[in-house]
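Below is one structure; the comments refer to it alone.
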Amino acid sequence: MNEQTHESTATTGFRERYGPAALVTGASSGIGRAFAVELAARGLALLLVARRTERLHALAAELGQAHGVSVQVCGADLAAPAAVEQIVTAAAGLDIGLLVSNAGFGLKGAHQDNDPARMAAMLQVNCAAPLQLTHRLLPGLRQRGRGGIIITSSVEGLMGIPYSAAYAASKAFTNSLGESLWGELSTEGLDVLALCPGSTDTEAHALQGIDTATLEGMMSPRDVVLEALANLRNGPVHIAGEQNRALFAALAGMPRREALLQMAANIRAALLPGEMQQ
Ligand SMILES: NC(=O)c1ccc[n+]([C@@H]2O[C@H](COP(=O)([O-])OP(=O)(O)OC[C@H]3O[C@@H](n4cnc5c(N)ncnc54)[C@H](OP(=O)(O)O)[C@@H]3O)[C@@H](O)[C@H]2O)c1
């Protein structure tokens, strides 16, 4: 079999299992955008969700032209509890075989300094939205008996992370959600993956006031997504990147108190250098 035939067989297999349509939240940027690009390249129709609809429309036009797939757009603010219903309504006419619940954001800094309203919005976007979206889409997925769910979590969900307390806790929630659903659904032909990226080159860092020049070993969103799709059948949890897998294996092997204190000191030095000098 030549490479092209092999590639198209793999694409057809992917589309048969997870198509004809995928729903991707947070598709206007970063990892979600990369999911949209890679899924369109595999022939899936898409429903793209985010607040910045002008970006989604531009991406829809680009992917439609490049891959001949139908791409629909749903503008929704996932911090609003009613957004999930709005998305489910937009998805009504589509046979969704793959849910990529990816939208999310982080907050960094000393826990006491975080704005309570931002933390509440973060829990709504990072935790409540995937909880409710999976709940609403599962009947259709189970009826099909094939398909998948990817929840973009984070390596920060693997253990407590000093100076990222609320975000790390939100991602512990999504890791647990992914593992639980994997246990419920993997015998029913449904693949569930809690995807744990480490530092990835997206707009997320600037939104948190982090200078990306201070970050080492960032992965590209595309590489994160290619790993996720290649490991969709290897759930429940996948850590993206060899370096991240090695780092978190080493941290998990340390006494937890020691690991947390070491991380706190490292993060203080990187994010709050003034404090270290005091
Ligand atoms: N970058 C990293 O280092 C990293 C590491 C681990 C995990 N992650 C996770 O990866 C996922 C994607 O983040 P990213 O790094 O790709 O960041 P990003 O480039 O900032 O993209 C975030 C996406 O989420 C959407 N979003 C945020 N708040 C939303 C809201 N209230 N309603 C609807 N959509 C919302 C954004 O769309 P709009 O702004 O247009 O609404 C955007 O499409 C997140 O769950 C994040 O926690 C990222």
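Since every read-out is calculated from the coordinates, none of them should be taken as a lab result. Values in this document were obtained by computation on a predicted structure and should not be read as measured data. Heads up, the Cβs are rebuilt from the backbone with ideal geometry, glycines too, and the neighbour counts pull from every protein chain shown.
In table form, for the structure just shown:
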| quantity | calculated |
| --- | --- |
| Qualifying GluC sites (Glu not before Pro) in the range 149-249, DSSP loop, other Cβ atoms within 10 Å at most 16 | GLU203, GLU216 |
| Whole-Å distance, taken between Cα centres, linking the range 6-43 and the range 207-266 | 23 Å |
| Peptides ranked, highest mean first, by Cβ atoms within 10 Å: ranges 98-104, 262-268, 29-35 | 98-104, 29-35, 262-268 |
| Segment THR12-ARG233, length gained on full extension (0.36 nm per residue, minus Cα span) | 78.0 nm |
| Cα-Cα separations in the range 3-247 greater than 25 Å, expressed as whole percent | 38 percent |
| Sorted by Cβ neighbour density within 10 Å, fewest at the top, the residues VAL88, VAL155, VAL71 | VAL88, VAL155, VAL71 |
| GNM top mover of SER186, SER153, SER170 - the chain, alpha-carbon springs below 10 Å | SER186 |
| Long-range amide H partners of LEU107 with built H, under 5 Å | TYR167 |
| Alpha carbon centroid spacing (whole Å) that separates the range 149-180 from the range 94-118 | 10 Å |
| Two-decimal Rg to Rh for the range 1-126 - Kirkwood Rh, Cα set | 1.07 |
| 0 to 90° range, to nearest 10: angle between helix 256-271 axis and the chain longest Cα axis | 90 degrees |
| For GLY43, residues with placed amide H under 5 Å, excluding near neighbours | none |
| In sequence order, calculated HN-Hα J values of the range 230-245 (Karplus, 6.51, -1.76, 1.60; Hz; x Gly/Pro) | 5, 10, 4, 8, 10, x, x, 10, 10, 8, 7, x, 4, 5, 5, 4 |
| Exposure proxy order (Cβ contacts within 10 Å, fewest to most) of HIS238, HIS57, HIS135 | HIS135, HIS57, HIS238 |
| Rough spin-label spacing in nm, given labels placed 7 Å along Cα→Cβ, for THR89 and ARG257 | 5.4 nm |
| Karplus-derived 3J(HN,Hα), 6.51/-1.76/1.60, for each residue of the range 167-181, Hz, glycine and proline x | 5, 4, 5, 5, 7, 5, 4, 6, 5, 5, 4, x, 5, 5, 5 |
| Candidates THR200, THR11, THR25, ranked by Gaussian network fluctuation over the chain, Cα under 10 Å, top entry | THR11 |
| Amide proton proximity set for ARG51, modelled H, under 5 Å, gap of 5+ | ALA76 |
| Principal-axis tilt of helix 129-144 within the chain, Cα atoms, nearest 10 degrees | 30 degrees |
| Low-density loop positions, trypsin sites (Lys or Arg not before Pro), the range 51-114 - DSSP coil, at most 16 other Cβ in 10 Å | ARG51, ARG52 |
| Under Karplus coefficients 6.51, -1.76 and 1.60, residue-wise ³J(HN,Hα) of the range 16-22 in Hz, glycine/proline x | 5, 7, 10, x, x, 9, 10 |
| Sequence of SER154, SER176, SER8 once ranked by neighbouring C-beta atoms within 10 Å, starting from the fewest | SER8, SER176, SER154 |
